[in-house]
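The next block holds one structure in the form of structure tokens; read it before the comments.
The values are calculated or read from the model by the stated rules, or taken from the named source; none is laboratory data. None of the values given here were measured: they were computed from a predicted structure. Cβ: placed from backbone, ideal geometry, glycine included. Neighbour counts: every protein chain shown. Protein only, heavy atoms only, side chains kept; ligands, DNA and RNA dropped before computing areas. Shrake-Rupley method; radii C 1.70, N 1.55, O 1.52, S 1.80 Å.
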Protein chains: 2
Amino acid sequence: MAREEIVLGPCGEKVGHYSIVKNEPVPENMAVNTWIRWLIRKEDGAPTFAMRLFEVEPGGHIKAHHHPWEHEIFVLEGIGDVRIDNRIYRVTSGFFIYIPPNVEHEYWNRGSTTLKFICIIPHKPSTEDKNVKKC
Amino acid sequence: MAREEIVLGPCGEKVGHYSIVKNEPVPENMAVNTWIRWLIRKEDGAPTFAMRLFEVEPGGHIKAHHHPWEHEIFVLEGIGDVRIDNRIYRVTSGFFIYIPPNVEHEYWNRGSTTLKFICIIPHKPSTEDKNVKKC
């Protein structure tokens, strides 16, 4: 299939190249020089979880935050640091990251190229507790 | 962090490089020359969904099947064909694929290098219906 199209098929399937999905800036109160593409979302009929692709530009940063749902992340390109609670992990292409619900986290691009990663989240919070986890 | 370690942190986080996760052959009744690594699974504490990395060697094939849960896929490397119901989609690095529950699907490596993709599934079936979807 052509890279210039996103197919929504008759069984409900969706197939496309990430580069043509709308690229939206993450608001400044959340991140600096960071973009998000929602590749697969609830509105596509996906019952349980959503797949997003983040691009953090050189010098970019996703600010410290926490929420009552988990992340499953796979790093595609670039060099970054991920802070999870008080630990910092250096990650590059091929690293995977699991962040449990309510754990504070923060990301930085530490390289000279764009940091790209896939980040999957559930549609619903995974816990009713909204307090940051003390580990 | 070193590429040679997988960290299980005190908040329940898991961080590592996919290449050192155990690589298991997919049984011959399911696939030919295909390997799976379970990067993040229920046993890691992940509440909702699991992340796996598939490697289909040149000439390899994942046979036609269906099941009552969805896939969200991101292609990392290689060239493959994915059949979803009666439609075949050619995919390469950067393509994403959403396959709804109960839709028959099948994969082939169509290149001379390993086809690698991330595939996320929920821990529980997404529907009680187990019949293949007619579209």
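Report the far tail of the P(r) of the protein assembly as shown, meaning the percent of Cα-Cα pairs longer than 29 Å. Provide the component values of the computation, followed by the final result.
Working: 10422 of 36315 pairs.
Counting every Cα pair in the protein assembly as shown, those more than 29 Å apart make up 29 percent.
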Next on the checklist: Just to confirm my numbers, what's the Cα centroid distance between segment A:83-135 and segment B:18-71 in Å?
Outcome noted: 23
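Among the listed pairs A:Lys133/B:Lys124; B:Lys22/B:Lys130; A:Lys134/B:Lys42; A:Lys42/B:Lys130, give every one whose C-alpha distance is greater than 24 Å.
Numbers: A:Lys133/B:Lys124 26 Å; B:Lys22/B:Lys130 30 Å; A:Lys134/B:Lys42 22 Å; A:Lys42/B:Lys130 21 Å.
Checking Cα-Cα distances, A:Lys133/B:Lys124; B:Lys22/B:Lys130 exceed 24 Å.
Kirkwood hydrodynamic radius (Cα pairs, Å) of chain B? Write down the numbers at each step before the final one.
Working: mean 1/r = 0.0634 Å⁻¹.
Every distinct Cα pair counted, the radius reaches 15.8 Å.
Tell me the relative contact order for chain B as a rounded percent, counting alpha carbon contacts under 8 Å between residues six or more apart. Mind dumping the intermediate values first?
Numbers: 329 pairs, mean separation 32.8, N = 135.
Relative contact order here is 24 percent.
Please report, as a whole percent, how much of the solvent-accessible surface of chain A comes from carbon and sulfur atoms (probe radius 1.4 Å).
On the way: 3070 of 6060 Å².
Heavy-atom surface of chain A belonging to carbon and sulfur, 1.4 Å probe: 51 percent.
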Checklist entry - How big is the charge dipole of the protein assembly as shown about its Cα centre, in debye rounded to the nearest 20, if each Lys and Arg gets +1 on its Cβ and each Asp and Glu gets -1 on its Cβ? => result 60
Checklist entry - Using a label point 7 angstrom from Cα along Cα-to-C-beta, what distances in nm, from shortest up, separate A:Thr92 from the other copies? => result 2.5
Checklist entry - For segment B:1-51, what class follows from the C-alpha gyration tensor (a ≥ b ≥ c being the square roots of its eigenvalues): rounded when a/c is under 1.5, otherwise prolate if a/b is larger than b/c, else oblate? => result oblate
Item to check | Amide H contacts under 5 Å for B:Glu104, placed H, 5+ residues apart | outcome: B:Asp85, B:Lys133
Item to check | Per residue value of the accessible surface for segment B:25-122 (all protein chains in place, 1.4 Å probe), Å² | outcome: 36
Item to check | Position B:Ser19, label points 7 Å along Cα→Cβ, spacing to each other copy in nm (shortest first, one decimal) | outcome: 2.5
Next on the checklist: Only sites in a loop by DSSP and with at most 16 other Cβ atoms within 10 Å count here; which trypsin sites (Lys or Arg not before Pro) in segment B:1-88 make the cut?
Outcome noted: B:Arg3, B:Lys22, B:Arg41
Checklist outcome for this item: For chain A, any Cys whose C-beta has no other cysteine C-beta under 4.7 angstrom counts as unpaired, and these are A:Cys119
Next on the checklist: Just to be sure I understand the interface: list residues from segment A:85-113 that lose 50 Å² or more of accessible area between the chain on its own and the complete protein assembly, 1.4 Å probe.
Outcome noted: A:Tyr89, A:Phe95, A:Phe96, A:Tyr98
Next on the checklist: Could you compute how much accessible area chains A and B hide from each other, both sides summed, with a 1.4 Å probe? Nearest 100 Å² is fine.
Outcome noted: 4400
